[in-house]
Amino acid sequence: MQFQPTPLKDCFVVTPDIFKDHRGIFMEAYHKEKFKEATGLDIEFVQDNQSVSKKGVLRGLHFQAGDFAQAKLVRVIYGEVMDVVVDLRQDSPTFKKVHKIILNEENQHQLFVPQGFAHGFITLSETSVFSYKCDRFYYPGSEYGIIYNDPSLAIDWGFLEEKMILSEKDLKLPTLKEFFQ
């Protein structure tokens, strides 16, 4: 397993070792001790979630705050997505910075998203199966979000905006400025 820091503090790309032969592939998707040794973070994941999305579906930018803030380890099981994170930790040297990465079934890259980050993705393939581990249980009262097209973030989602598919809820999210008022 390889761990590569991103430009955002405490955010890592995790690449598992993949063993291929005539039968297919095998990989260790997560190993607590290897994760802790490589990152210095002692994370206890308590919930696994999975979504299936069609091409153009944009989910995000979501996060939980306060005592229910979640760290996530995200990956694509099938298909391809553009994954986006934003550091919302006001005391962080990378506050308001954005990082994007392509996650797909071919590269098998995973992204560790620390607590205090907004997270979202858009499906680039015909279908995607997206999986993520969380270190806190989902709590609706702590759920928040930032609008995907916030001008201050200037995120290029790599997809035509008029072809994006968003939930009504995600279309009504505040801008970063509105959230921090």
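The values are calculated or read from the model by the stated rules, or taken from the named source; none is laboratory data. Bear in mind the structure is a predicted one, so any value in this text is a computation, not a measurement. Positions of Cβ are backbone-derived with ideal geometry, glycine not excepted, and every protein chain shown enters the neighbour counts.
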Among residues of the stretch 87-106 being of a type in the set (A, V, I, L, M) and in a strand (DSSP E or B), the residue nearest to Lys169 (Cα to Cα) is Val98
Flagged in the stretch 135-151 as buried (at least 18 other Cβ atoms within 10 Å of the Cβ) and either within 17 Å of Asp87 (Cα to Cα) or free of Cβ contacts under 8 Å to residues at least 60 places away in the same chain (or both), in numbering order, are Gly145, Ile146, Ile147, Tyr148, Asp150
Across (1) surrounded by fewer than 11 Cβ atoms within 10 Å (Cβ to Cβ); (2) in contact with a strand residue (DSSP E or B) (Cβ under 9 Å, 6 or more places away or on another chain); (3) not aromatic (Phe, Trp, Tyr), Ser53 clears everything bar (1)
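Every residue in the stretch 128-149 that is in contact with a Pro (Cβ under 9 Å, 6 or more places away or on another chain) and in a loop (DSSP other than H, G, I, E, B), please. Steps first, please.
We begin by selecting, within the stretch 128-149, every residue in contact with a Pro (Cβ under 9 Å, 6 or more places away or on another chain); these are 144-147.
Listed by number, the residues that qualify are Ile146, Ile147.
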Reported set for the stretch 88-101 where residues are closer than 16 Å to Ile155 by Cβ and out of contact with any strand residue (DSSP E or B) (no Cβ under 6 Å at 6 or more places or on another chain) is Lys96
Exactly one of Tyr144, Tyr132 is in contact with a helix residue (DSSP H, G or I) (Cβ under 8 Å, 6 or more places away or on another chain) and either at pLDDT 95 or above or not acidic (Asp, Glu) (or both), and that one is Tyr144
Within the stretch 35-86, residues in contact with a Cys (Cβ under 7 Å, 6 or more places away or on another chain), in a strand (DSSP E or B) and under 24 Å from Leu153 (Cα atoms) come out as Lys72, Val85
Counting only residues in the stretch 2-34 that are assigned to a strand (DSSP E or B), under 16 Å from Ile101 (Cβ atoms) and touching a residue at least 12 places away in the same chain (Cβ under 8 Å), the one farthest from the chain's Cα centre (by Cα) is identified as Gln2
Exercise for review: Kindly indicate whether Ala154 is buried (at least 19 other Cβ atoms within 10 Å of the Cβ), closer than 30 Å to Gln4 by Cβ and not aromatic (Phe, Trp, Tyr).
Suggested key: no
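When you check Ser125 against the structure, is it more than 17 Å from Phe179 (Cβ to Cβ), part of a strand (DSSP E or B) and among the polar types (S, T, N, Q), yes or no? Don't jump to the end; show me each part of the working.
On the way: more than 17 Å from Phe179 (Cβ to Cβ): yes; part of a strand (DSSP E or B): no; among the polar types (S, T, N, Q): yes.
Considered against the rule, which asks whether it is more than 17 Å from Phe179 (Cβ to Cβ), part of a strand (DSSP E or B) and among the polar types (S, T, N, Q), Ser125 comes out as no.
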